[in-house]
Amino acid sequence: MTTIRKIKNLLFVAALMTALSTPLMAASTSGTTNVTVTVPEFVILHYYSSIALNFATPDTEALDQGENSMDAAWDGTTSNGSSLASANLMTANIELDGTKTTVTLNNVWAVRGFSKSGNASVSITLPGDRMTLGSSEIEISNAKVTDGTNMSSTITTKLNGITKANATVGGVRMDLDFSKTTLSGAHTGGRYMITATTI
């Protein structure tokens with residue numbers, strides 16, 4: 001092999017080694033992607049399937065209606081005395097004549113979810129407006145829902161998303177009529193229904 005050829009081979013090997021040891025220029029390109037998330041419209045309603053109201057026992061009372069004087073015959077009949085009538089009975093500490101008891105059930109429902117407005121309509125109806133125990137009866141009327149700001153049979157309230165911590169919690173208010181109640185014990189059959197609708 002000639003010297004010139006050896007030199008050419010050495011130069012070629014040196015050039016090749018130099019090319020292999022030099023870093024190559026990196027090629028780069030990028031693209032941007034638009035992301036869209038479609039959130040469905042839905043509502044979650046939390047409620048109790050059963051509520052038992054246990055009224056406190058009032059103090060037993062003995063009411064002195066004053067004095068009375070009657071004419072008595074030897075056969076045992078009496079006359080000319082005043083007699084007790086509903087119109088002249090004294091007022092007791094617990095008195096419901098002519099009135100209804102308004103009961104407020106705090107924090108008995110909650111809603112959360114998504115809607116186009118961020119709100120939901122919450123309403124209450126009474127599919128069972130009477131509770132009975134034999135012939136004794138308690139009537140339910142004037143049922144309303146409240147979220148602490150609004151109160152009516154139907155209200156508009158915020159959904160606040162789906163997290164439990166942000167749910168809207170509300171209550172129920174109703175009137176109970178004891179005018180036809182004659183027995184102590186559990187009166188059953190009353191029902192209210194809460195409906196939540198996205199708006």
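Taken together, the values in this text are just the output of simple stated rules run on the coordinates, not laboratory data. None of the values given here were measured: they were computed from a predicted structure. Don't worry about glycine lacking a Cβ; one is built from the backbone with ideal geometry, like all the others, and counts go over all protein chains shown.
With each label point set 7 Å from Cα along the Cα-Cβ vector, what nm distance links V169 and S49?
The modelled label-to-label distance comes out at 2.2 nm.
Work through the residues other than H187 whose Cβ is under 12 Å from its Cβ and net out their charges, Lys, Arg +1 and Asp, Glu -1. Kindly include the intermediate steps, with their values, before the conclusion.
Values: positive: R130, K180; negative: E137, E139, D177.
Net local charge, H187 excluded: -1.
Charges only on Cβ, +1 for Lys and Arg, -1 for Asp and Glu: so what's the dipole of the stretch 96-173 about the Cα centre, in debye to the nearest 20?
Numbers: 8 positive and 5 negative charges, 97 e Å.
The dipole magnitude comes to about 460 debye.
So how do 187-196, 170-179 stack up, highest first, on mean other-Cβ count within 10 Å?
On the way: 187-196: 16.4, 170-179: 18.0.
Most protected by this proxy first, the peptides run 170-179, 187-196.
How much net charge surrounds I138 when only the other residues with a Cβ under 11 Å from the Cβ of I138 are counted, with Lys and Arg +1 and Asp and Glu -1? The partial results should precede the final answer.
Numbers: positive: K100, R130, K180; negative: D129, E137, E139, D175, D177.
Result for the local shell: -2.
Treat the count of other C-beta atoms within 10 Å as a stand-in for reagent exposure and order E139, E67, E41, E61 from fewest to most. All intermediate terms of the calculation are to be shown ahead of the outcome.
On the way: E139 18, E67 6, E41 12, E61 9.
The most exposed by this proxy come first: E67, E61, E41, E139.
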